[in-house]
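> Take a look at the following structure, please.
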Amino acid sequence: MQAVQQINAGNAASVELTVARELARGSEESYWNMCKRLIDKDPRCIHVVHRYIEDGEIPDLLACHHAVLLPYTVFASESGIAALALTNGRPILATRAGGLGELLAQAGCGITIESAVVSAVATAIESALQAGIQGLAAMGAQGARFIERERDWHGIGRRTAQIYVSLCPDLALLADNDGMARRQIAG
């Protein structure tokens, strides 16, 4: 939020940020209260959707945006939001937290936020502005191709089967014509 406010304060071209979130609970509530104070300092160009976004609404919401911002500090896996963005042809601006760094490197699907601090987020947003709508669209398309090619269920199943075989060499997994795996015990 601060990065968007900083860019908009010194730039004729405005950056708009949409924050979609459910109601804050527990420890999230204090974090959200801090966010609300930041928004209140300069609410221009920051839009908050105060509810869960249903699956069917995601394509339309993402179609109204050029990229998805993921400035995570600590994350133990790969973001489902990143996969949704890429599936819908939108690039990501993300830190390397969790599996996002690997995703950015493998897919060429966005811009790395070097650190989860305001200045680094602002730098990534400025890089997105310099890439322009066509550059961002190209990154999003590349990400969509990566997700389609590398994250489909058949590919995941094949890689999982390969891991099982490597862990238990007595099992040989053979794929039949439609990609289904069956187990054969070597004897």
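> Got a sec? Which of LEU84, LEU93 is more than 16 Å from MET1 (Cβ to Cβ) and either within 11 Å of the chain's Cα centre (by Cα) or not hydroxyl-bearing (Ser, Thr, Tyr) (or both)? Let's see the steps before the verdict.
Details: LEU93 fails: more than 16 Å from MET1 (Cβ to Cβ).
Step by step, each of LEU84, LEU93 is checked, and only LEU84 is more than 16 Å from MET1 (Cβ to Cβ) and either within 11 Å of the chain's Cα centre (by Cα) or not hydroxyl-bearing (Ser, Thr, Tyr) (or both).
> Taking the condition of being farther than 23 Å from VAL118 by Cα and either more than 13 Å from the chain's Cα centre (by Cα) or of a type outside the set (A, V, I, L, M, F, W, C) (or both), how many residues in segment 61-76 meet it?
Initial filter on segment 61-76 (farther than 23 Å from VAL118 by Cα): 61-64.
Okay, now just the ones that are also either more than 13 Å from the chain's Cα centre (by Cα) or of a type outside the set (A, V, I, L, M, F, W, C) (or both), so 61, 63-64.
Result for segment 61-76: 3.
> Return the residues of segment 114-130 that are of a type in the set (A, V, I, L, M, F, W, C) and touching a helix residue (DSSP H, G or I) at 6+ places or on another chain (Cβ under 7 Å); say none if nothing qualifies.
Residues of segment 114-130 of a type in the set (A, V, I, L, M, F, W, C): 116-118, 120-122, 124-125, 128-129.
Of everything in segment 114-130, those that are of a type in the set (A, V, I, L, M, F, W, C) and touching a helix residue (DSSP H, G or I) at 6+ places or on another chain (Cβ under 7 Å) turn out to be VAL118, VAL121, ALA122, ILE125, ALA128.
> Still on this model: Consider segment 1-29. How many of its residues are surrounded by 10 or more Cβ atoms within 10 Å (Cβ to Cβ), assigned to a helix (DSSP H, G or I) and free of Cβ contacts under 8 Å to residues at least 24 places away in the same chain?
The number of residues fulfilling the criteria is 2.
Residues are listed down the side, and each one gets a yes or a no for (1) touching a His at 6+ places or on another chain (Cβ under 9 Å); (2) aromatic (Phe, Trp, Tyr); (3) not assigned by TED's automatic domain parsing to the domain that holds ALA97:
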| site | (1), (2), (3) |
| --- | --- |
| MET1 | no, no, yes |
| ALA20 | yes, no, yes |
| GLY26 | no, no, yes |
| TRP32 | no, yes, yes |
| LYS41 | no, no, yes |
| HIS47 | no, no, yes |
| PRO71 | no, no, no |
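> Condition check: more than 20 Å from LEU62 (Cβ to Cβ), surrounded by 14 or more Cβ atoms within 10 Å (Cβ to Cβ) and either at pLDDT below 90 or assigned by TED's automatic domain parsing to the domain that holds HIS65 (or both). Does GLU78 satisfy that?
no
> Applying the selection to segment 141-165, what residues are surrounded by 13 or more Cβ atoms within 10 Å (Cβ to Cβ), charged (D, E, K, R) and closer than 19 Å to GLY80 by Cα?
Scanning segment 141-165 gives ARG145, GLU150, ARG151.
The values are calculated or read from the model by the stated rules, or taken from the named source; none is laboratory data. Everything quoted here is computed from the prediction, not taken from an experiment. Please note: Cβ atoms are built from the backbone with ideal geometry, for glycine as well, and neighbour counts cover all protein chains shown.
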